[in-house]
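This report concerns only the one structure given below.
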Amino acid sequence: MSPERCMDAARGYLYLGLPDEALSEIEPVPFSHRFNREFMELRTAIHMARKQWLEALVIARNVCHLFPSSERGFLDASRCLHKLGRTQEAKDVLLQAPSSLRTKAVHHYQMSRLEAKMGNVDNARKSLKRAIALDPKYRKLASKADELRDIFQTIAEES
């Protein structure tokens, strides 16, 4: 099977919530294709779905190094570091992301989670407001995120 078909099958399994099967699907991909950005980002996503944060972090950091314009690589590295309890490092990685990412709601939402975790409530509130202004779907996500629930409540009361 071609690398593209293996990756398509893996994406399908990942979408269905079957990360073990997704990992099995990419095993046959030849070494020559394993440093392709899309392959590396997919592998990162699979390890994240399996809650293998350290393995995912290693790959995500390689994506950042090899493909510095990859927004996904920086987001994934930041999320992995956050899950590993390395919140300041997660924030630092996010601040090093391509400037194009800073215009997107996902960046501000992730930053709000990190700021909240570090106890920087005012910064978390500002970042969350920006995320919601850019994409209202983050309102629902914030209402369910443990570290953002109180901050979201104050934003909702202001509205």
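Summary of computed values
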| read-out | value |
| --- | --- |
| Complete set of residues in region 24-40 that are buried (at least 19 other Cβ atoms within 10 Å of the Cβ) and either under 23 Å from Glu71 (Cα atoms) or β-branched (Val, Ile, Thr) (or both) | Ile26, Val29, Phe39, Met40 |
| Subset tally (residues that are closer than 19 Å to Phe74 by Cβ, more than 18 Å from the chain's Cα centre (by Cα) and part of a helix (DSSP H, G or I)) for region 16-53 | 0 |
| Any hit, region 84-95, residues being more than 23 Å from Ser143 (Cα to Cα) and touching a Pro at 6+ places or on another chain (Cβ under 9 Å) | no |
| From the options Phe31, Phe74, residue that is modelled with pLDDT under 95 and either of a type outside the set (Ser, Thr, Tyr) or in the same structural domain as Tyr138 (by TED's automatic domain parsing) (or both) | Phe31 |
| Residue check, Lys91 among the basic types (Lys, Arg), in a helix (DSSP H, G or I) and modelled with pLDDT of 95 or more | yes |
| Asn62 being under 20 Å from Glu41 (Cβ atoms), over 13 Å from the mean Cα position of the chain (by Cα), part of a helix (DSSP H, G or I) and without any contact (Cβ under 8 Å) to a residue 60 or more places away in the chain | yes |
| Subset of region 65-101 that is aliphatic (A, V, I, L, M) and closer than 27 Å to Tyr13 by Cβ - its residue that is farthest from the chain's Cα centre (by Cα) | Leu66 |
| Leu148 being outside the structural domain of Phe35 (by TED's automatic domain parsing), hydrophobic (A, V, I, L, M, F, W, C) and surrounded by 16 or more Cβ atoms within 10 Å (Cβ to Cβ) | yes |
| Pick from region 1-11, criterion out of contact with any His (no Cβ under 8 Å at 6 or more places or on another chain) and in contact (Cβ under 8 Å) with a residue 12 or more places away in the chain, ranking: farthest from Gly73 (Cα to Cα) | Met1 |
| Enumeration of residues in region 103-123 that are surrounded by fewer than 17 Cβ atoms within 10 Å (Cβ to Cβ), touching an Asp or Glu at 6+ places or on another chain (Cβ under 8 Å) and charged (D, E, K, R) | Lys104 |
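The values are calculated or read from the model by the stated rules, or taken from the named source; none is laboratory data. Just so you know, these numbers come straight off a predicted model, no measurement behind them. Note: ideal-geometry Cβ built from the backbone for every residue, glycine included; neighbour counts use all protein chains shown.
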